[in-house]
Structures are given as C-alpha cells and as structure tokens.
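K.L.:
Submitted below is the structure of interest, expressed as structure tokens.
The values are calculated or read from the model by the stated rules, or taken from the named source; none is laboratory data. This structure is a prediction, so every number in the text was calculated from the model and none was measured. Here the Cβ is made from the backbone with ideal geometry for all residues, glycine too, and neighbour counts use every protein chain on show. These accessible areas exclude ligands, DNA and RNA; they are computed on the full protein's heavy atoms, side chains included. Shrake-Rupley method; radii C 1.70, N 1.55, O 1.52, S 1.80 Å.
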Amino acid sequence: MNPVVGIAAFAAVSLATAAIGFYGLRISRTTGDFYVASRTVRPWWNASAIGGEYLSAASFLGVAGLILLSGTDALWFPVGYTAGYLMLLLFVAAPLRRSGAYTIPDFTEARLDSRAARRVTSIVVVVVGWLYIVPQLHGAALAIRITTGLPAWVGQVAVVAVVCITVIAGGMRSITFVQAFQYWLKLTALAVPILFILFVLAGTGTPAVAEAAVNPTAAPPAGPYQNISLLVALLFGTLGLPHVLVRFYTNPDGQSARRTTLIVLGLLSVFYLFPTAYGLIGRMFAPGLAQSGQADALVLLLPGRMVGGMAGDLLTALVVAGAFAAFLSTTSGLVVSLAGVISQDVLGGSVSGFRWAALISAVVPLGIAAMTDSLALAGSVGMVFAFTASTICPVLLLGIWWRGLTDTGAIAGMVTGALLCGGAMVAGAFVGAAGTPSWLAQPAAWTVPSAFAVMVLVSRATRDRVPRTITRLMTRLHTPERPLATGR
C-alpha cells in the first residue's frame with residue numbers, strides 16, 4: 001500500500017474526530033454535560049455511540065484474525081460480544097439508569113452505603129479501563145506500522161493525543177457525537193471493501209468453496225471447556241464494562257435505556273457479519289498471513305491483495321480510516337468513564353478535575369502499551385472481559401437483584417475475583433501462549449463462579465451490614481420511571 005494514502009486516511013479521521021469534538025464543546029457547559037451529557041441522549045444517538053465505543057480493535061481487526069487462525073471456533077467471539085447485550089437488556093440497563101448514579105462507584109456506594117466498597121470499586125474500574133485501553137493502542141501501533149511504515153509508537157501517541165483533545169474539550173456530550181459518527185464510519189469501512197472483494201471473486205470465477213476447510217496453522221480445535229469459559233467471560237464481562245455502563249446514565253429514562261439496548265443488538269449483529277466475512281475469505285485466499293504471524297493485519301491487507309491497483313489502495317485507505325475510528329472511539333469512551341471515576345474520587349468532581357483525570361486516564365496506559373508487546377487483539381480483550389466478569393459484574397447483578405448483598409461481601413467477592421483472574425493472567429504471561437493450560441488461558445469458567453460464591457457467602461455471614469435503606473433503594477431500582485413529557 002502507498003504510505004501516503006494510509007497517512008491521509010489517518011489524518012482525515014483524526015481531523016473529523018477533532019472537529020466533531022469541538023462542535024460538542026459549544027454545547028458542553030455544565031458538570032452534567034461532561035459526565036452524562038445531562039441525561040438527554042436519545043436512543044438512536046446513544047445506540048450508535050455505544051456501537052462506536054464497544055466495537056474496539058478486537059472487533060474491527062481481532063475477530064477476523066482469529067477466524068483466520070481458528071476457523072469456526074472464533075465465531076464465539078462475535079456471538080458472545082452481541083449476546084452480552086441481551087443480558088444487559090434483561091438484567092442491568094433500566095435499573096442501573098434508575099439508580100441516578102454518575103459512575104459505577106457511585107452506584108456501589110449508594111447501594112451498599114459504604115465508602116470502602118466505593119473505593120474498591122473505583123480501583124477495579126480504573127484497572128479494567130487501563131487494561132482495555134492497552135489493546136487499542138497496540139492495534140493503533142500495528143495499523144500505523146503496516147500501512148505507513150512509520151514507527152509503531154506514532155500510532156499510539158496519535159490516538160492518545162486525539163482522544164485527550166476531544167474528551168478534555170467537551171466531555172460526554174462531545175464524545176457522544178464523535179462515537180456515533182465513528183460507528184457508521186467503521187461499518188462503512190468494512191462493508192464497502194468486502195463487497196468489492198466479493199465482486200472480484202464473482203467476476204473471476206474463483207472456486208472459493210473448495211478451499212474453505214484450509215487450516216493455515218494446523219492448530220487443534222478448541223475444547224468444550226475453552227468455549228464455555230470464553231462465553232462466560234464475554235456474556236458476563238459485557239455487564240461490567242465501565243465505558244458501556246456509563247452510557248445508560250445518559251438516557252432520559254429507563255424506557256429509553258431499554259430501547260437503546262435493543263437498537264445496539266441490531267447494530268452489533270449487522271456489524272459482525274463483515275469481520276466474519278473477512279476472516280473466512282482470508283482463510284481461503286490469504287493463509288500466509290496466519291503463518292507469518294500477521295493475522296491481526298488481515299482486514300488491513302486483504303483489500304489490496306484481492307483488488308489491487310488504485311482501487312485497492314483506496315479501499316485500504318477506507319479500512320485504515322475505520323480501524324483508527326475503532327481505536328479512537330473505544331479509547332475515548334474508556335477515558336471518559338475513567339475520568340469520571342478518578343475526578344469524583346480524587347479531584348473533587350469539578351469540570352477542571354474531570355479534564356486532569358482524562359489526561360491521567362490516557363497517559364498511563366500509553367506508558368504500559370509502550371513497554372509491552374502486542375498479543376492477539378481479540379484474545380487480549382477476551383482476558384479483560386474475564387477480569388471484568390470476575391469483579392464488577394457480580395457486584396452489579398447481586399446489587400440490583402439481591403437484597404442480601406453487604407459491603408463486606410461485595411468487597412470480598414471483588415478482591416477474590418481480581419486476585420484469581422489477575423493471577424491467571426500473570427501466570428499465563430509467564431508460561432507463554434504455547435504452553436498455557438486451558439484453565440489459565442480461559443479462567444472465567446472458575447473465577448466468575450468463585451467471585452459470586454464468595455460474595456454470597458460473606459454477605460450471608462454479615463447480614464447485620466445490610467443497609468437499613470435497602471427497601472427504598474430496591475424499590476427505586478425496580479419501579480418503572482414515568483416517561484418524560486413530549487410537549488403534547
């Protein structure tokens with residue numbers, strides 16, 4: 001690919017993101033604007049923004065790469081990513097919106113009447129956010145190196161710089177406009193090139209079906225345990241992602257939150273058709289990328305290989321623009337959610353504190369990404385989902401649906417989940433990918449039940465610590481809100 005085309009695509013996305021962010025600055029004035037867009041975001045806007053921030057480097061690049069490597073075993077990722085939102089719709093979206101909290105630590109403090117539970121939740125949320133930002137920066141490094149030949153750190157620094165500018169400028173209201181635009185850009189950036197590729201294949205009469213069973217790496221298929229554990233991580237992990245949950249605070253009411261979730265399910269289902277198609281076509285016509293360790297670059301390289309010429313360059317430029325939109329949108333959503341937590345717990349909760357917290361939230365993972373190597377993008381994000389499912393998810397589900405949860409039980413469960421899942425991640429890193437046993441490579445099947453069990457058992461042993469206001473709180477969480485006036 002012509003490096004100039006790649007640089008132009010990245011520059012165009014960055015400028016468009018900054019321009020939309022500065023537009024949001026014009027209408028971001030109050031603290032509520034910066035934290036939750038003053039709770040005025042309508043379902044279609046919010047659903048597009050959620051799609052923008054949720055569809056990260058793992059979705060845009062990693063899913064196709066895993067399908068190239070593992071075939072149908074990798075289809076659990078898009079299934080799990082999408083089905084997790086069904087669980088959000090059923091168990092979390094509306095009650096969380098009714099809690100009236102700005103952040104997840106706000107919710108745990110209000111539900112458990114405990115500053116200690118809030119502090120532990122804040123630490124976990126920040127760790128989850130930083131762990132999730134790092135793969136986005138690794139994806140940016142991969143994309144800038146593959147498409148332009150520039151040093152990998154250029155992509156990482158550029159993403160952090162653009163995100164800091166847009167978040168500091170306008171907060172949640174500004175980012176909502178940015179992420180909604182970026183969802184539709186990502187969808188277009190995958191859909192248009194794959195259609196051209198299919199036209200080329202149809203025109204040449206290439207017998208694609210005959211090579212569909214090719215296994216580029218000769219890797220054995222995943223066993224039942226690995227698939228079950230992965231699904232547990234993806235389904236329960238979605239319930240605890242801080243940058244997704246904070247979006248439900250921006251809806252006007254609980255009914256809007258539920259409608260937003262339904263729209264997101266549709267948007268995600270449409271989107272994941274395209275990375276799947278890239279992976280299957282790559283498995284048939286570009287198996288060398290898997291054998292050379294470039295599986296995550298499949299989406300970036302396939303248009304140029306299959307179409308070629310100026311048309312191939314232009315299609316690749318579109319894919320590059322979509323990839324950087326993925327890195328920017330997910331990172332900005334995470335930075336907004338982390339800035340809200342850090343600002344309220346450490347810097348006083350003001351707009352100025354939010355802006356300083358946003359800078360801290362972006363710079364720390366940049367340092368981590370610079371000191372670490374990129375792993376398989378979807379696989380590394382899957383581990384973040386496992387960590388989230390083992391920590392934040394249990395306290396949310398039990399806090400919303402079980403009156404008996406206590407602050408001591410919540411803290412014990414979160415700490416247990418963090419230690420078990422974090423320990424498995426560290427041990428797996430030391431062992432190496434080739435020699436990691438399945439129970440370490442996919443720990444969610446045992447770390448998530450352990451966290452739930454500890455939370456329940458310790459809460460049962462400390463029943464006297466159930467908040468006295470529990471009846472009023474649970475009524476508030478589960479009583480439908482009255483719709484906002486429409487002016488009729």
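K.L.:
According to the Kirkwood expression over distinct Cα-Cα pairs, how big is the hydrodynamic radius of region 81-176, in Å?
P.N.:
16.3
K.L.:
Going highest first, how would you order 463-473, 390-400, 352-362 by mean Cβ packing within 10 Å?
P.N.:
390-400, 352-362, 463-473
K.L.:
In angstroms, what radius of gyration and Dmax does the chain have, counting Cα atoms only?
P.N.:
Just the Cα atoms of the chain yield Rg and Dmax of 21.9, 73 Å.
K.L.:
Another question, then. What ranking do 282-294, 90-102, 52-64 get when scored by the average of other Cβ atoms within 10 Å per residue, highest first?
P.N.:
The packing order, highest mean first, is 52-64, 90-102, 282-294.
K.L.:
Treating only the Cβ atoms of Lys and Arg (+1) and Asp and Glu (-1) as charged, compute the dipole magnitude of the chain about its Cα centre; round to the nearest 20 debye.
P.N.:
1560
K.L.:
Using the heavy atoms of the protein chains alone and a 1.4 angstrom probe, what is the accessible area of region 328-398 per residue in square angstrom? Walk me through the intermediate numbers first.
P.N.:
Working: 2070 Å² over 71 residues.
Per residue, region 328-398 has 29 Å² of solvent-accessible surface.
K.L.:
Measure nothing fancy, just the Cα-based angle from helix 377-401's long axis to the longest principal axis of the chain, in degrees from 0 to 90, nearest 10.
P.N.:
Helix 377-401 sits roughly 20 degrees off the main axis of the chain.
K.L.:
Once the Cβ-Cβ distance between VAL415 and VAL363 is put in as r, and R0 is 25 Å, what FRET efficiency do you end up with, to the nearest 0.05?
P.N.:
For VAL415 and VAL363, the calculated efficiency is 0.40.
K.L.:
Using a 7 Å offset from the Cα along the Cα-to-Cβ direction at both PHE199 and LEU262, what is the distance between the two label points in nm, to one decimal?
P.N.:
Roughly 3.6 nm, to one decimal.
K.L.:
Another question, then. Mind listing P(r) for region 230-367? All alpha-carbon pairs, 10 Å bins, whole percents.
P.N.:
Using 10 Å bins, I get a P(r) of 10, 26, 30, 23, 10, 1 for region 230-367.
K.L.:
Next question. If one takes the longest principal axis of the Cα atoms in the chain, at what angle in degrees, from 0 to 90 and to the nearest 10, does the Cα axis of helix 444-461 lie?
P.N.:
Tilt relative to the chain: about 0 degrees.
K.L.:
Give me the angle, in degrees from 0 to 90, between the Cα long axis of helix 309-346 and the longest principal axis of the Cα atoms of the chain, rounded to the nearest 10.
P.N.:
That works out to roughly 20 degrees.
K.L.:
Considering only protein heavy atoms, with the full assembly of protein chains and a 1.4 angstrom probe, order ILE133, ILE165 by accessible area, largest first.
P.N.:
Values: ILE133 0, ILE165 85 Å².
Heavy-atom accessible area, descending, gives ILE165, ILE133.
K.L.:
Among ALA189, PRO78, GLN179, flag the residue with its Cα farthest along the positive direction of the charge dipole of the chain, charges on Cβ as +1 for Lys/Arg and -1 for Asp/Glu.
P.N.:
Towards the positive end, the residue furthest out is GLN179.
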